[in-house]
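S.K.: Input: one structure, supplied below.
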Amino acid sequence: MPKPFRRGGGRGRPRPGGSRGRANTRRGPFTPAFAEQGGNGVAVAARPIQLPPVMAVEELATILSLPAAAIISALIKNGIFATMNQMIDYDTAAVVAADLGFEASEQTVDADAGDDVAEEELTEEELMQLESRPAVVTVMGHVDHGKTSLLDRIRQTRVAHGEAGGITQHIGAYQVDVDVDGETRKITFLDTPGHEAFTAMRARGAQATDIAVLVVAADDGVMPQTAEAIDHARAAKVPIVVALNKMDRPDINPDRVKQQLADKGVIIEDYGGDVPLVEVSARTGDGIDNLLATIAIVADVAELTANPHRIASGLVVEAKLDKARGPVATVLVQRGTLKATDIVVIGPVTGKIRALVDDKGKRIKTAGPSMPVEILGLSAVPKAGDRLVVVPDEKTARQQAALYQRAAERSASSGSGGDVSLEDIYNRIKDGEVRDLNLVVKADVQGSIEPLVTSLQRLQEEGLRVKVIGSGTGNVTESDVMLASASKAIIVAFNVRAEPGARSAAETQHVDLRYYTIIYNVVDDVRKALVGLLGPRFEEIVHGHAEIRQLFPVRKGGAAAGCLVTDGQILRNDSARVKRGDRVLWEGKIGTLRRVKDDVREVASGYECGILLDGFSDFREGDVIESFGQREITAI
């Protein structure tokens, strides 16, 4: 007869339930915290658990309700040696959780928490908290038309007035005081490098500017960068104020400039339009007060408001690494009130603010809407155009920064973060997301632009519209690509090529860049895109360049080119174009490609070769032969 069980059991004796060994009162390091045996002996399914994108080992232990030693043991099992305070990402934590019997999924942390809230989404109480805010102004225009001189004059007369020694420092943005009808008003100026930085921010989804001041020299008129600035301001849908500068010069012609502006679609008030024009002189200071008063009136019409009582959010205007102060960012506060003790996240960068410094170099405790400030205390230097958001604690800041980083990596690897193609536009039109097909048109001469733009604007298929947001002569530039990226536009290059920097930017920004030599083909492609009939398309692939070093006469007449391949490779079956500077002289097929005396299929960079083209021999030393092919792009 078996002996009765003693309290606590003995070594090797069976316990109630028939199991042997020590009582199972403590879970081993790899035993699921919740794994229990059912009555039929079948294990209960793993419990789902949500994990943040990044966490400390100790945080993971708390989430899984396990000792930190158990997590560390599981990490070692997977070849990872970490301490309790070491940070791990979601992928690592998910593997550990799976080993411990959990089914992990990633938490959806709102990366835009504290970001702008559309007015239609505001409650009645929040609408009651809206207050007027200063206008944010960007100055744009052609080089040497006086943008910097105008900004310096405004700073000297409105910021440094009465201050010993003038301005203490320059932080890329500043506020000025303006007297309008006896009332003191503030205006914020962004001192950026013009429309390129303006559009780079828009390309990141950041709309920082309320008003664009277009500086035009009265003695020079509308120039190429002036036209670009007009296109960028229009694409951003911000009001324009024209500052007609250099009015102190003797050789000015204001009427000619006003007509040139009208030709570009900028109709000033004197001509019956709605664009104010103010005559100024940055050198003498004449008209500056009138310009500031006009900006204030335009701001009144726009009824600019913000809620200073909510959690702060803003935009990085510029950032740098200061040897003495560490990472420093100039931030334009857009919503709420930023405090000197706030914890912030800016893209992948986090930090607890150690100091707020205004545009006069003074330390302040708070900064309200439309106020530019420098912030100290960041973990790294953020990018211009990234959004700043205040969060409740450092843990949330780390999670949001990690989520931003993971989203950026996924977007870069998939190559779909900012795709803009005719196929993509058509899909959005089908889904009702867009009604306009935006185009940037570049052509070889002005005579080509006018009929091309007119033909495109006449296209209307099923109520859809074609909108040319920018046009001009010359090769496609990086500025054109930035405008297309920010406006979700297609670039049409008619009888021109893209500059090397523009090609790289188009690939990085995933902007559709199309080359044409016949107007009908442009119109036909756009029409097919709008009605969903667009067939397969091809993109050009530049394989290499060869510089002509010597000319050799051939028996049949003409000449062969003795070349040095400067980059890439020249392929025998490629097409080729001969370039003299920025001008394309000829385009066709390569007839013969030789290395020494042998016909070859290709010649790599750094080697010499002889090239004979089919139908062209008017070479000069220094000309460049560009070898290129085409490949079909499958519609997504």
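The values are calculated or read from the model by the stated rules, or taken from the named source; none is laboratory data. Here the structure is a predicted model, which means the values were calculated and not measured. For neighbour counting, all protein chains shown are included, and Cβ atoms are generated from backbone atoms with ideal geometry for every residue, glycine included.
S.K.: Going through region 588-636 one residue at a time, which ones are loosely packed, with under 13 Cβ neighbours inside 10 Å, among the β-branched types (Val, Ile, Thr) and in contact (Cβ under 8 Å) with a residue 60 or more places away in the chain?
M.R.: The answer is Thr634, Ile636.
S.K.: Here's a follow-up. State the number of residues belonging to region 589-636 that are among the charged types (D, E, K, R), assigned to a strand (DSSP E or B) and out of contact with any Phe, Trp or Tyr (no Cβ under 8 Å at 6 or more places or on another chain).
M.R.: Residues flagged as among the charged types (D, E, K, R), assigned to a strand (DSSP E or B) and out of contact with any Phe, Trp or Tyr (no Cβ under 8 Å at 6 or more places or on another chain) within region 589-636 amount to 7.
S.K.: Go through region 203-226 residue by residue and tally those that are surrounded by fewer than 22 Cβ atoms within 10 Å (Cβ to Cβ) and at pLDDT below 85.
M.R.: 7
S.K.: So in region 374-392, with the set limited to residues that are part of a loop (DSSP other than H, G, I, E, B) and small (Gly, Ala, Ser), which one is farthest from the chain's Cα centre (by Cα)?
M.R.: Ser379
S.K.: Moving on to the next point. Given the criterion polar (S, T, N, Q) and surrounded by 24 or more Cβ atoms within 10 Å (Cβ to Cβ), identify the matching residue among Gln334, Gln400. I'd like the intermediate steps shown before the answer.
M.R.: Working: Gln334 fails: surrounded by 24 or more Cβ atoms within 10 Å (Cβ to Cβ).
Matching residue, one of Gln334, Gln400: Gln400.
S.K.: OK, next. Could you grab the pairs with beta carbons closer than 6 Å, sequence gap of 6+ or different chains, first residue in region 548-566 and assigned by TED's automatic domain parsing to the domain that holds Asp614 and without any contact (Cβ under 8 Å) to a residue 12 or more places away in the chain, second one surrounded by 16 or more Cβ atoms within 10 Å (Cβ to Cβ) and in a strand (DSSP E or B)?
M.R.: Filtered contacts from region 548-566: Pro553/Ala559.
S.K.: Let me ask something else about it. Going through region 352-373 one residue at a time, which ones are outside any strand (DSSP E or B) and either of a type in the set (A, V, I, L, M) or crowded, with 20+ Cβ neighbours inside 10 Å (or both)? Explain how you work it out, then say what you get.
M.R.: Narrowing region 352-373 to residues outside any strand (DSSP E or B): 358-362, 365, 368-371.
Those that are outside any strand (DSSP E or B) and either of a type in the set (A, V, I, L, M) or crowded, with 20+ Cβ neighbours inside 10 Å (or both): Asp359, Pro369, Ser370, Met371.
S.K.: Would you confirm whether any residue within region 234-251 is more than 27 Å from Ser132 (Cα to Cα) and at pLDDT below 85?
M.R.: Looking for residues that are more than 27 Å from Ser132 (Cα to Cα) and at pLDDT below 85, one finds none in region 234-251, hence no.
S.K.: Answer yes or no: is there a residue in region 295-305 that is more than 26 Å from the chain's Cα centre (by Cα), under 28 Å from Ile154 (Cα atoms) and charged (D, E, K, R).
M.R.: Yes; the residues of region 295-305 include at least one that is more than 26 Å from the chain's Cα centre (by Cα), under 28 Å from Ile154 (Cα atoms) and charged (D, E, K, R).
S.K.: Take region 167-185 and flag every residue that is touching a helix residue (DSSP H, G or I) at 6+ places or on another chain (Cβ under 9 Å), under 19 Å from Pro372 (Cα atoms) and at pLDDT 75 or above.
M.R.: Tyr174, Gln175, Val176, Asp177, Val178, Arg185
S.K.: Sticking with this structure for a sec: Quick test for you: out of Ala493, Ala506, Ala484, pick the one residue that is among the aliphatic types (A, V, I, L, M), at pLDDT 85 or above, in a strand (DSSP E or B) and out of contact with any Asp or Glu (no Cβ under 7 Å at 6 or more places or on another chain).
M.R.: Ala493 is the lone residue from the list that is among the aliphatic types (A, V, I, L, M), at pLDDT 85 or above, in a strand (DSSP E or B) and out of contact with any Asp or Glu (no Cβ under 7 Å at 6 or more places or on another chain).
S.K.: Among the candidates Ser105, Ser73, which residue alone is assigned to a helix (DSSP H, G or I), in contact with a Pro (Cβ under 7 Å, 6 or more places away or on another chain) and surrounded by fewer than 21 Cβ atoms within 10 Å (Cβ to Cβ)?
M.R.: Selected residue: Ser73, the only one of Ser105, Ser73 that is assigned to a helix (DSSP H, G or I), in contact with a Pro (Cβ under 7 Å, 6 or more places away or on another chain) and surrounded by fewer than 21 Cβ atoms within 10 Å (Cβ to Cβ).
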